[in-house]
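*Asks:* Shown below is the structure under consideration.
The values are calculated or read from the model by the stated rules, or taken from the named source; none is laboratory data. Everything quoted here is computed from the prediction, not taken from an experiment. Cβ coordinates were reconstructed from backbone atoms using ideal geometry, including for glycine residues, and neighbour counts include every protein chain displayed. Side chains are part of the model used for accessible areas, which takes the heavy atoms of the whole protein and leaves out ligands, DNA and RNA. Shrake-Rupley method; radii C 1.70, N 1.55, O 1.52, S 1.80 Å.
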Amino acid sequence: TDLDRSRARRRSPGLLEGVPVAVKDLLDHEGHITTAGSSFYRHRATSTAMVLRRLEAAGAFIVGRTGLHEFAFGFSSENHWFGPVRNPWDPATSPGGSSGGSAVAVAAGHVPIAVGTDTGGSVRVPAALCGTAGLKVTHGRVPLSGVVPLAPSLDTVGPLTTTVADAELVYEIMAGHDPADPWSFPSEVESRQERLDLGGLRIGVPHPWVDRPLGEDVRAGFTGALARLAASGAEVRHVTDPLVTPPGMITEAAYGEVAGVHRIWFTDHPDRYGPVVADRLADAMAVDLDTFTRARAWRAGLAHAMERMLRDVDVLVTPTTAVSRKVIGEDLVETEDGTDEYRRALSWFSALVNHAGLPALALPLATDGAPPPSLQIVGPARSERRLLALGRSLEDAGIVAFRPPPDRS
């Protein structure tokens, strides 16, 4: 077998020796075609994305490529060209996006580890809707070389797994400086931390960010999680900064970069894009330089506001998504106060984290939901190790836990 030949040829087993890994069809893998979920982009890779090279060097086997939202520009993974990716909890519902196929592969038990990308929530949103763990890293902590860009100053690559320990292992392998990536942060990756004692941990609940309608199950799950954290000895603090709330100039800040990536393709052949993505790209092309400049200033203010909040607490916690269910083909989702537009509801708690450049961990709560609601933990820049240590402590306390979806075979 390939595994036997690999062992005989090179070394002792790696940290992921023989582990199957699925990869979002946005990352180059030598000899394979990257489609980015589009009708026309067909790149036969002559080299492998740095993150995949690192995984393969650790012994992992890339066993397949997963479906996604077209060019990763959306939150549903309902792809006009390939058809919708379906959620294993209920095939009539979306797995979220854009890394929907990666979350499905893990939740359904096809692979223990999958790789996704996250520009506005595209790892965490699918993790939330499929009931898995998902890590969004500090921008620049994991290399982007060999990854089809969406908005380069926001793009990140991260793992989807069933346990925090697996997410930490993959992070440890993927993270680190890459001279070929201009966004890559030139520093050593922090050492692994022991599990954190929840007693005395300062947990921040950020307002007005969390002050919006939620799905009833998400509300109950989040309220219950805060109560269990307090019962475990954590200090739950309510912190406020008016700048930490969508929408701000969140669309303009991202769209200005998206337009730069797609301008030539879209200008010459707009018909090669699906209608929903084409409409969003038309809006992106309309963002002028003055608007984009104001949006960048808004991003700077947001990052400073997040930093101020995190001076007073160890982490911030929010729901990962405002709702946990989105029916395929429908644009509205149900909240406790009525209906809401699905992109707004799914991205509300995730997109600000990208614009602030911070890391975040999405974890399924130990509840009976189908799927269970998800908790998002946000930390200061380059605090991935602390977030993952906290995640392991939450697993030990029974506050978060992976539960497989029902077998529908």
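*Asks:* Within the range 221-232, identify whether any single residue is over 21 Å from ALA356 (Cβ atoms), open to solvent by less than 10 Å² (accessible area, probe 1.4 Å) and either touching an Asp or Glu at 6+ places or on another chain (Cβ under 8 Å) or of a type in the set (A, V, I, L, M, F, W, C) (or both), and answer yes or no.
*Replies:* Within the range 221-232, one or more residues are over 21 Å from ALA356 (Cβ atoms), open to solvent by less than 10 Å² (accessible area, probe 1.4 Å) and either touching an Asp or Glu at 6+ places or on another chain (Cβ under 8 Å) or of a type in the set (A, V, I, L, M, F, W, C) (or both).
*Asks:* Shifting gears a bit: For the subset of the range 247-260 comprising residues that are crowded, with 18+ Cβ neighbours inside 10 Å and not in a helix (DSSP H, G or I), which member is modelled with the lowest pLDDT?
*Replies:* Here the residue is GLY248.
*Asks:* Could you give every pair whose Cβ atoms fall below 6 Å, whose first residue belongs to the range 231-244 and is polar (S, T, N, Q), and whose second residue is assigned to a loop (DSSP other than H, G, I, E, B) and open to solvent by less than 80 Å² (accessible area, probe 1.4 Å), counting only separations of at least 6 or pairs across chains?
*Replies:* Listed by first residue and then by second, the contacts come to SER232/LEU198; SER232/ALA397.
*Asks:* Moving on to the next point. Report, by residue number, each residue of the range 157-179 that is out of contact with any helix residue (DSSP H, G or I) (no Cβ under 7 Å at 6 or more places or on another chain) and more than 24 Å from ALA108 (Cβ to Cβ).
*Replies:* GLU172, ALA175, GLY176, HIS177, PRO179, listed by residue number.
*Asks:* Does GLY379 fit the bill of being touching a residue at least 12 places away in the same chain (Cβ under 8 Å), open to solvent by less than 10 Å² (accessible area, probe 1.4 Å) and not hydrophobic (A, V, I, L, M, F, W, C)?
*Replies:* So GLY379 fits the description; yes.
*Asks:* If you don't mind, there's one more thing I want to ask. Identify, from the list ARG296, ARG263, the residue that is touching a residue at least 40 places away in the same chain (Cβ under 8 Å), open to solvent by 30 Å² or more (accessible area, probe 1.4 Å) and either assigned to a helix (DSSP H, G or I) or touching a helix residue (DSSP H, G or I) at 6+ places or on another chain (Cβ under 9 Å) (or both).
*Replies:* ARG296
*Asks:* Can we say GLU56 is assigned to a helix (DSSP H, G or I), surrounded by fewer than 23 Cβ atoms within 10 Å (Cβ to Cβ), modelled with pLDDT of 95 or more and not basic (Lys, Arg)?
*Replies:* Yes, satisfied.
*Asks:* With the condition kept exactly as written, say whether any residue in the range 314-334 is within 20 Å of LEU361 (Cβ to Cβ), of a type outside the set (Val, Ile, Thr) and open to solvent by 80 Å² or more (accessible area, probe 1.4 Å).
*Replies:* Within the range 314-334 (the criterion being within 20 Å of LEU361 (Cβ to Cβ), of a type outside the set (Val, Ile, Thr) and open to solvent by 80 Å² or more (accessible area, probe 1.4 Å)), the answer is no, since none of the residues qualifies.
*Asks:* I'd like to know if the range 273-290 contains one or more residues that are without any contact (Cβ under 8 Å) to a residue 24 or more places away in the chain, surrounded by 13 or more Cβ atoms within 10 Å (Cβ to Cβ) and not in a strand (DSSP E or B).
*Replies:* yes
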